[in-house]
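The values are calculated or read from the model by the stated rules, or taken from the named source; none is laboratory data. Bear in mind that the values here come from a model prediction, so they are computed numbers and not experimental data. Quick reminder, even Gly has a Cβ in these numbers, built from the backbone with ideal geometry, and neighbours come from all protein chains shown. Side chains included, ligands, DNA and RNA excluded: accessible areas come from the protein's heavy atoms. Shrake-Rupley method; radii C 1.70, N 1.55, O 1.52, S 1.80 Å.
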Amino acid sequence: MTDEDGGKTGATRKETLKVSGMHCATCAVTLEKALKSLEGVKNASINLGAEQAAVEYDPSLVSAADLERAVTGAGYGLITGKAVLKIGGMMCATCVRTVESALQSLPGVVTATVNLGSERAYVTYNPDAVTVSEMAKAIDDAGYQYIGTEEEETGEIERNVRDADLKDKRRRIVIGAAASVVLMGFMWFTPLFPFDTAYLLFVIATPVFAYLSWPIFLAAWRALRNRTLNMDVMYSMGIGVAFVASIMGTFGIVLTRDYLFYETAVMLATFLTLGRYLEARAKGRTGEAIAALIRLRPKTATVLVDGREEERPIEEVQPGEIVLVRPGDRVPVDGTVGSGDSYVDESMITGEPVPVRKEAGDEVVGGTINGDGVLQVTATRVGRDTVLAQIIRLVEDAQGTKPPVQRIADTAVVYFIPTVLIIAAAAFLFWYFVAGASLLFALSTLISVLVVACPCALGLATPTAITVGVGRGAELGILIKSGEALEAAERLDTVAFDKTGTLTKGAPEVTDIVGLALSEEETLLLAAGAEQNSNHPVARAIVDRARSDGVSVPASDAFETIRGKGVLATVDSRLIALGNRAMLADVNVALDEEAEAAVARLEEEGKTVAVLVAAGTAAGIVAVADTLKPTAMEAVADLREMGLSVAMITGDNPRTARAIAGAIGIDRVFAGVLPDAKAAEIKAFQDQGRHVAFVGDGINDAPALAQADLGIAIGGGTDVAIESGGVVLVRDDLTDVPAAIQLSRKVIGRVKLNLFWAFAYNAALIPIAAGILYPTFGITFRPELAGLAMAASSVTVVTLSLLLKGYIPEAKREKSEVSKMEIDPICKMEVDPKTATFTTDYKGKTYYFCAPGCKKEFEKNPEKYLK
């Protein structure tokens with residue numbers, strides 16, 4: 001969008017929208033009609049050649065977001081950019097609303113969402129209409145600090161700003177605490193001075209109070225200047241009333257010496273500052289997961305140029321260049337190993353603790369750690385295109401979203417501060433004018449109500465839990481793309497799986513070899529010899545099995561393919577036929593009772609059966625099938641234990657589908673369903689009132705993933721930029737499906753718990769501060785304690801969110817408890833003894849190694865490494 005008039009023209013604004021997807025004059029008419037139908041749009045004209053829509057509208061009636069919805073609702077796209085802005089100085093939910101309003105008021109800003117926990121603003125905008133510098137100015141004008149964008153290397157700046165802020169708060173707290181002790185001492189033990197003690201208290205308290213409360217009053221002034229009410233306004237009123245009353249009492253202006261609140265004012269300001277200090281420290285920890293991901297990015301790479309090594313900044317490495325990765329180094333780019341072999345620790349990307357062997361032709365991922373070998377890697381993806389960069393973007397985008405449950409808090413915040421101000425005023429008026437209490441008591445209730453109320457807890461309840469929870473998911477290899485996905489997972493009652501490539505490996509393998517007239521080894525040898533010239537998937541599976549078993553495949557000639565039946569070939573001077581029942585009929589071979597039973601059993605299991613005929617008789621049987629993934633059965637069992645119904649939707653034939661489903665405990669099978677029709681099956685579930693998750697590979701299953709309430713796409717390690725699906729699993733481990741649902745439910749559960757405590761805290765303490773318990777129990781809430789309680793509420797909410805950092809989903813917890821990791825004595829990496837390839841025994845104990853180099857080094861001098 002471009003603002004042609006630089007802003008408003010009278011009561012209207014003119015902007016130009018850049019639109020994609022228009023093809024003809026009908027498109028132009030359709031879009032123009034859609035825009036003009038919006039209330040507040042004065043005029044709209046379409047330039048089909050330039051793919052632009054010029055719109056004149058009243059910004060008080062229609063927003064940029066409304067224009068976008070009209071364009072997309074008409075079936076076209078609005079070309080926008082995205083920016084993640086780092087912001088300092090936000091304290092509460094009202095600050096969030098202030099920043100969002102400041103950004104959304106800019107022409108061209110479509111959406112602006114602020115995450116208080118991560119202190120980020122996620123903005124969708126058009127670069128032609130508004131610039132980042134204009135957004136920065138809007139943030140600064142609103143009274144907050146613009147630090148930079150996510151793309152900029154501002155990590156050090158952020159840390160410095162945060163450290164300086166914490167140091168400043170610490171200093172204020174120490175000074176305030178010391179002054180509070182002195183003032184309390186004077187108030188309790190009045191020493192004999194030749195002058196009035198009230199003047200001494202005034203001299204001690206005034207500079208300390210001014211130093212402590214200056215940030216609070218400054219923030220309140222900025223809020224009022226921007227016509228908003230935030231917590232700083234309330235706190236300024238509370239501590240301001242206490243201090244002004246003290247001054248008036250000191251100098252006998254209307255009030256007497258009974259109204260000296262100096263220690264209360266200073267203690268309140270100290271407790272408010274302490275609360276913000278603890279809150280800032282806790283908030284800084286909520287983003288540790290994303291910070292850890294960012295730290296994985298190497299800053300430099302060693303590039304080979306004409307045999308020479310050049311150290312370059314990572315930004316200067318180009319696709320196609322060869323990068324040298326030494327032992328212990330982080331792989332700087334995504335690429336393919338050209339030469340060398342090594343074991344690479346990919347745990348930081350996939351969550352898989354066992355290092356993976358890499359050799360020529362294998363792919364490696366940037367940010368992973370090379371083991372004991374030297375690798376030369378040809379860069380394929382660099383910079384923003386790497387898997388690590390994509391993961392970071394996904395996590396950041398997710399942290400910038402709000403689940404629907406957050407709307408409760410957003411609505412409450414709008415009315416919160418005005419309501420608190422009304423309650424504080426009402427309490428004062430009631431106690432002083434109606435109940436006949438002293439002015440001192442009425443002022444105390446007024447101050448207590450103003451400082452005990454805490455919108456901070458409401459503002460932090462959701463973003464801190466989502467920030468920590470999404471970050472924890474990234475550590476586990478579970479990428480949650482939005483707050484909506486988290487909430488959708490909580491409501492699920494049905495999980496539907498695709499079969500090929502999801503529950504199964506997606507490639508046929510030999511599952512059974514049955515010897516009849518020949519042994520199993522001879523059967524495999526002759527079958528591989530007959531099939532070695534074929535490119536059929538079943539043929540490749542048989543040949544691959546022979547080679548993996550170390551069988552020397554004999555040469556064949558006179559090879560002939562009989563379409564739909566099998567092959568004929570001469571192997572070792574023997575005429576061989578290998579195929580299905582139709583092939584047996586062609587060569588006039590009948591199966592005896594034993595062979596018929598074996599073939600029938602294998603066919604019933606959904607496998608492709610090939611019978612080997614040699615010397616005119618059935619000599620052996622080879623069965624091929626798309627085999628299940630190792631964790632399929634465990635994943636389905638976990639889902640059923642969670643009370644979820646599990647189904648399978650596949651394009652495969654019913655017999656094979658039922659065999660696969662029966663093997664892993666799935667009782668609802670929909671077979672023969674084409675990819676485009678899978679979405680219709682999901683819709684049928686939803687029409688029955690079910691909430692459905694669909695698990696697929698993210699490519700062929702895109703329509704079904706999009707239709708489902710929650711799409712779970714298996715990225716398989718490197719393809720994390722899958723558009724469809726609310727959750728992407730980095731690893732090809734199906735137990736991550738129940739783990740993702742469990743994590744999502746845990747995060748939303750924590751959001752609800754946080755909101756409960758935030759609402760319960762305010763609902764319980766505001767009436768107590770107003771004096772509701774005083775007539776019956778004589779209980780009042782001293783202003784100092786009210787300030788301390790306010791500080792505790794925010795810290796409690798953030799601490800509850802931080803507990804998610806150590807959460808292990810039940811589906812992963814059982815595995816971690818069963819498999820006790822061993823430590824490689826050389827490189828100190830964790831090694832799973834169940835999957836370890838390299839071991840050695842020494843003095844009656846088995847030692848496990850992540851790579852052959854570590855084992856070899858240990859065996860040279862074991863005692864050296866066991867000291």
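For ALA619, nonlocal amide neighbours, meaning residues 5 or more places apart or on other chains whose placed amide H falls under 5 Å from its own, are ALA517, LEU612, VAL613, ALA614. The packing ranking, built from the mean of other Cβ atoms within 10 Å per residue, places the peptides 318-329, 98-109, 763-774 in the order 98-109, 763-774, 318-329, highest first. Fully extending the segment from ALA507 to LYS299, taken as 0.36 nm per residue of separation minus the present Cα-Cα distance, adds 71.0 nm.
A straight chain from GLU593 to THR840 at 0.36 nm per residue would run longer than the Cα-Cα distance by 84.0 nm. Applying the Karplus relation 6.51 cos²θ - 1.76 cosθ + 1.60 with θ = phi - 60° to the stretch 555-563 yields 3J(HN,Hα) values of 6, 9, 9, 6, 6, 9, 9, 9, 3 Hz, where x marks Gly and Pro.
Any idea of the accessible area per residue across the chain, 1.4 Å probe, to the nearest Å²?
Numbers: 37630 Å² over 867 residues.
Normalised by residue count, the accessible surface of the chain is 43 Å².
Leaving out ligands, DNA and RNA, and with a 1.4 Å probe, what % of the accessible surface on the stretch 509-635 is carbon or sulfur? Carbon and sulfur atoms account for 48 percent of the accessible area of the stretch 509-635.
Taking amide H as placed 1.01 Å from N in the peptide plane, ARG357 has its amide H under 5 Å from the amide H of VAL344, each at least 5 places away in sequence or on another chain. Amide H to amide H distances under 5 Å link PHE838 with PHE849, where only residues 5 or more positions off or on other chains count and H is placed in the peptide plane. For THR467, THR206, the ranking by accessible surface with the largest value first comes to THR206, THR467, using a 1.4 Å probe.
Taking label points 7 Å from Cα along the Cα-to-Cβ direction, LEU218 and ARG257 give a separation of 3.7 nm. Other residues whose C-beta falls under 9 angstrom from the C-beta of CYS456 contribute a net charge of 0, scoring Lys and Arg +1 and Asp and Glu -1.
Ranked from largest to smallest solvent-accessible area, with a 1.4 Å probe on the protein heavy atoms, LYS33, LYS805, LYS169 come out as LYS33, LYS805, LYS169. Across the stretch 536-546, computed HN-Hα scalar couplings (Karplus, 6.51 cos²θ - 1.76 cosθ + 1.60, θ = phi - 60°) run 5, x, 5, 4, 4, 4, 5, 5, 4, 5, 4 Hz from first to last residue, x flagging Gly and Pro. Rounded to whole numbers, the Karplus 3J(HN,Hα) couplings from phi for the stretch 256-273 are 9, 5, 5, 9, 8, 10, 4, 5, 5, 4, 5, 5, 4, 4, 5, 5, 4, 5 Hz, using 6.51 cos²θ - 1.76 cosθ + 1.60 with θ = phi - 60°, and x at Gly and Pro. Multiplying the residue separation of SER519 and LYS42 by 0.36 nm and removing their Cα-Cα distance gives an extension gain of 163.2 nm.
Say a site is exposed when it is one of the chymotrypsin sites (Phe, Trp or Tyr not before Pro), sits in a DSSP loop, and has at most 10 other Cβ atoms within 10 Å; what is then the longest site-free stretch of the chain?
Longest site-free region, per DSSP loop and neighbour criteria: 196-867.
The heavy atoms of MET237 offer some 80 square angstrom of accessible surface to a 1.4 angstrom probe. Taking the longest Cα principal axis of the chain as reference, the axis of helix 520-531 is set at about 90 degrees.
Mind checking the dipole of the chain: about its Cα centre, +1 per Lys or Arg Cβ, -1 per Asp or Glu Cβ, Debye to the nearest 20? Could the numbers behind the result be given before it?
On the way: 84 positive and 107 negative charges, 731 e Å.
Using only the charged Cβ atoms, the result is roughly 3520 debye.
Could you tell me the accessible area of LYS845 in Å² (1.4 Å probe, neighbours in place), rounded to the nearest ten? Roughly 110 Å² of LYS845 is accessible to a 1.4 Å probe.
The relative contact order of the chain comes to 11 percent, based on Cα pairs under 8 Å that sit 6 or more residues apart. Positive-end ranking of LEU479, ALA461, ALA527 along the dipole of the stretch 451-557, with charges on Cβ about the Cα centre, is headed by ALA461. Note on exposure: MET91, MET22 ranked by accessible area (1.4 Å probe, complete protein assembly) read MET91, MET22, with the most exposed listed first.
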